[in-house]
Amino acid sequence: GKTSTNPLAESFKKKDNLKMVLLALLGATAGQGVVWYTGQFYALSFLQNACNVEFVQSNYIISIALLVGTPFFIIFGGLSDKIGRKWIMMTGMLIAVLAYRPIYTVMYDSANLKTKTEVKEQTVVDVKRAVKGTDSVITIATSKVFTDGTTYKETKKTVFPIDSVKKAALVAEKKLKPDVKKATTLPSNTFWLMVGLVLIQVIFVTMVYGPIAAFLVELFPTRIRYTSMSLPYHIGNGVFGGLVPLISTRLVEASRPGPDMPPSDPLAGLWYPILIASVSFVIGSLYISNKSKENTME
């Protein structure tokens, strides 16, 4: 193939080339980016923060799902060689848009202690007091067991001045708040349910990501290919995808009815990836071609 003497100008100043760059971004890589981040990073964050699943167990859930799902990158990449890139990617985005909230509802409900029955006689509360310098430390550790095999541990650590005047001032200013750590350990059946639910999301990831490299290669001529495909790929993944943790967290926080109160909608963070993937699905379905370019050296 030929190379361009000024690939930046040719990629972004020529109307036809710029149109293809924007189409690749808004019709493919933006949706691919948010599906990628949601199915892996957001899923892990949701398990640990919304569901309070214990750190090691939550990482096992993600790791197993990724291990089982990884071969599907090759499967969907190979399938796209036979039937085209477009509809595999668009189908992955569409199913993700429709399935995210149902999937995360099941994840949340499966770990929600309010839906479980506590074995009261097995509840243990341990209170420890200690003095560190001029501060007094009270640690309250609570362990609970539930009838389905779920166990829960909560640690509240409060540090306050021994000086009663300073302590009273902190109480008056509402600054005397305990450091709370929560950890839910899931029973085997719920653990594997979580693995399956995350695996489904990894399949969405492989559907949109498996064909994307070949799609971008075929979209641009060799003379401007590297420059033209780099912008939509990195903005789609780095900006649209990279903002998933930030914007999703902000949406969940915005749903809190008041300070120190639980969010009214713990799934509110999903609206951002759902919106971006929906836009990419519509644009990609309408304007992206499903034809594969036979000679990618041109």
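The values are calculated or read from the model by the stated rules, or taken from the named source; none is laboratory data. All of these numbers come straight from a predicted model, not from anything done at the bench. Note that we place each Cβ from the backbone using ideal geometry, even for glycine, and neighbour counts take in every protein chain shown.
Data overview
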{"read-out": "Leading residue by the ranking (surrounded by the fewest Cβ atoms within 10 Å (Cβ to Cβ)) among those in the stretch 251-285 that are part of a loop (DSSP other than H, G, I, E, B) and of a type in the set (D, E, K, R)", "value": "ASP260"}
{"read-out": "Within the stretch 114-136, considering residues that are free of Cβ contacts under 8 Å to residues at least 24 places away in the same chain and not in a strand (DSSP E or B), the one farthest from ASN52 (Cα to Cα)", "value": "GLY133"}
{"read-out": "Which numbered condition ARG225 fails, given (1) of a type outside the set (S, T, N, Q); (2) modelled with pLDDT of 90 or more; (3) surrounded by 17 or more Cβ atoms within 10 Å (Cβ to Cβ)", "value": "(2)"}
{"read-out": "Matching residues in the stretch 84-113 - criterion: being buried (at least 20 other Cβ atoms within 10 Å of the Cβ) and part of a loop (DSSP other than H, G, I, E, B)", "value": "ARG85"}
{"read-out": "Residue satisfying all of: in the stretch 173-189; modelled with pLDDT under 95 and not in a strand (DSSP E or B); farthest from the chain's Cα centre (by Cα) among these", "value": "GLU173"}
{"read-out": "Test: VAL68 is surrounded by 23 or more Cβ atoms within 10 Å (Cβ to Cβ) and either assigned to a helix (DSSP H, G or I) or of a type in the set (Gly, Ala, Ser) (or both)", "value": "no"}
{"read-out": "Positions within the stretch 60-105 being among the polar types (S, T, N, Q) and under 25 Å from ILE276 (Cα atoms), in sequence order", "value": "THR70, SER80, THR91, THR105"}
{"read-out": "Every pair of residues 6+ apart whose Cβ atoms lie under 8 Å, when the first sits in the stretch 250-271 and is free of Cβ contacts under 8 Å to residues at least 40 places away in the same chain while the second is among the acidic types (Asp, Glu) and assigned to a helix (DSSP H, G or I)", "value": "PRO263/GLU253"}
{"read-out": "Residue within the stretch 23-30 that is modelled with pLDDT under 95 and surrounded by fewer than 22 Cβ atoms within 10 Å (Cβ to Cβ) present", "value": "yes"}
{"read-out": "Test result for ILE74, modelled with pLDDT of 95 or more and hydrophobic (A, V, I, L, M, F, W, C)", "value": "yes"}
